[in-house]
1. Take segment 142-159 and flag every residue that is in contact with an Asp or Glu (Cβ under 9 Å, 6 or more places away or on another chain) and charged (D, E, K, R).
2. Does K264 meet the test of being modelled with pLDDT under 90 and outside any helix (DSSP H, G or I)?
3. State all residues of segment 287-305 that are farther than 21 Å from L56 by Cβ and in a helix (DSSP H, G or I); if no residue qualifies, say none.
4. How many residues, within segment 21-55, are free of Cβ contacts under 8 Å to residues at least 40 places away in the same chain, buried (at least 18 other Cβ atoms within 10 Å of the Cβ) and closer than 17 Å to T69 by Cα?
5. Read through the list (1) exposed (fewer than 13 other Cβ atoms within 10 Å of the Cβ); (2) closer than 30 Å to P320 by Cβ; (3) touching a residue at least 12 places away in the same chain (Cβ under 8 Å), then give the number of the only condition that L247 fails.
6. Output the residues belonging to segment 164-201 that are surrounded by fewer than 13 Cβ atoms within 10 Å (Cβ to Cβ), part of a loop (DSSP other than H, G, I, E, B) and either aliphatic (A, V, I, L, M) or in contact (Cβ under 8 Å) with a residue 60 or more places away in the chain (or both).
7. Could you tell me which residue of segment 296-324 is nearest to D80 (Cα to Cα), considering only residues that are exposed (fewer than 15 other Cβ atoms within 10 Å of the Cβ) and of a type in the set (D, E, K, R)?
8. Here are some conditions: (1) surrounded by 15 or more Cβ atoms within 10 Å (Cβ to Cβ); (2) at pLDDT 90 or above. R223 meets all but one. Which one does it not meet?
Amino acid sequence: MTTKLTEYLYEITTPGDQTIRFPAFGQEIRSSCPATTSCKLHCWDSKDLLCLHMDLRGDSPASLRTSYTREAVVLVFMLDGKLEGMDAGNTWKAQLRNGEHNIYRADTLEQDLELKTGSSSFKMLSVLLPLDDFRELLQPGYDSHNNLIQKLEDKQSGFLLDENLPILPALLQLLENLSHPPADPVLQYLFFRSRVLEILMQQLDQVERSFCRQFRDDCEMARMKPLLQARQILEEELINPPRIPELAKRVGTNEYDLKRNFKKTWGHTVFGYVTELRMQKALKLLKEEGKTVSETAHVVGYKNPQHFTVAFKKRFGILPSSLR
């Protein structure tokens, strides 16, 4: 029997309490939005998968109270804004900022969340899986997976990861792809199931690397330190990033190790990572802030708008002028 998805599109513009139910997965969301906030919720619901795209606009925080009829695991990705939450018993507190992700264990108790906009917007993507399905995907042979399994057995709601992890470019690309499912309803479930497994694979790989850095391998920690510093420098100096020889010198490593380990860890060459950061920032400037192509090219570090246009079309397959 083919599993089908039910698609929902909600737009909440009226202040006050609203209740949204997802019968296939068994979740209920109660929201409370102030008069100055509007909320769009795009969802795909099935018995073993629930995907929620949430987009808020406004100057005031909104609140959500979620409840479940069964235990679940939630893959949470903060794309813009800030989330703060606690359960009804005030036994745990959580915080997630723009560009971070974590894995959340939800039980049948209610949880209160406060959604705070950043630059007047809030965007969050959540993927819900049944707890047993998630547990079956974990491999006891890995220390980091054993750590997650132990936390699941403790039966306490809250984030499973000890620290929020950054949304790396490869993961961000998968999340963007999840927003464009095929139109054919027969293929939609296969699309979401396969993409969600890819996303979870990226998350668990990042969790394993993080676990190694923190608990298992001092050599790995020494290897990661210059890479983290290099990534921070590139993000802070995006308009005029240093060349590889200068970057290697600044982070205390050699060019060969920097180039090899940077691509192995972040999935991009140093130049490719800079380009991806520029393209993602350009996409936001064009779509959400209405910048011209020339303005956008200048902001993200291109002196020649034509060179920017070529790079943008190569990355997204469309001309930047078509987004204005």
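1. Within segment 142-159, D143, K155 qualify.
2. Values: modelled with pLDDT under 90: yes; outside any helix (DSSP H, G or I): no.
The answer is no for K264.
3. Filtering segment 287-305 for residues farther than 21 Å from L56 by Cβ gives 291-305.
Hits for segment 287-305 are V293, S294, E295, T296, A297, H298, V299, P305.
4. Going through segment 21-55 one residue at a time, the tally reaches 2.
5. (1)
6. Of segment 164-201, the ones surrounded by fewer than 13 Cβ atoms within 10 Å (Cβ to Cβ) are 179-180, 182-184, 186-187, 194, 197.
Still in the running and part of a loop (DSSP other than H, G, I, E, B): 179-180, 182-184.
Within segment 164-201, S179, A183 meet the criteria.
7. Quick first cut of segment 296-324, residues exposed (fewer than 15 other Cβ atoms within 10 Å of the Cβ) only: 303-304, 306-307, 310, 313-314, 317-319, 321-322, 324.
Imposing the further condition that a residue be of a type in the set (D, E, K, R) reduces the set to 303, 313-314, 324.
Numbers: K303: 28, K313: 24, K314: 25, R324: 21 Å.
Filtering segment 296-324 for residues that are exposed (fewer than 15 other Cβ atoms within 10 Å of the Cβ) and of a type in the set (D, E, K, R), the one nearest to D80 (Cα to Cα) comes out as R324.
8. Unmet for R223, out of (1) surrounded by 15 or more Cβ atoms within 10 Å (Cβ to Cβ); (2) at pLDDT 90 or above: (2).
The values are calculated or read from the model by the stated rules, or taken from the named source; none is laboratory data. Given the structure is predicted, the values throughout are model-derived calculations rather than measurements. Methodologically, a virtual Cβ is constructed for each residue, glycine included, from the backbone with ideal geometry; neighbour enumeration extends over all protein chains shown.
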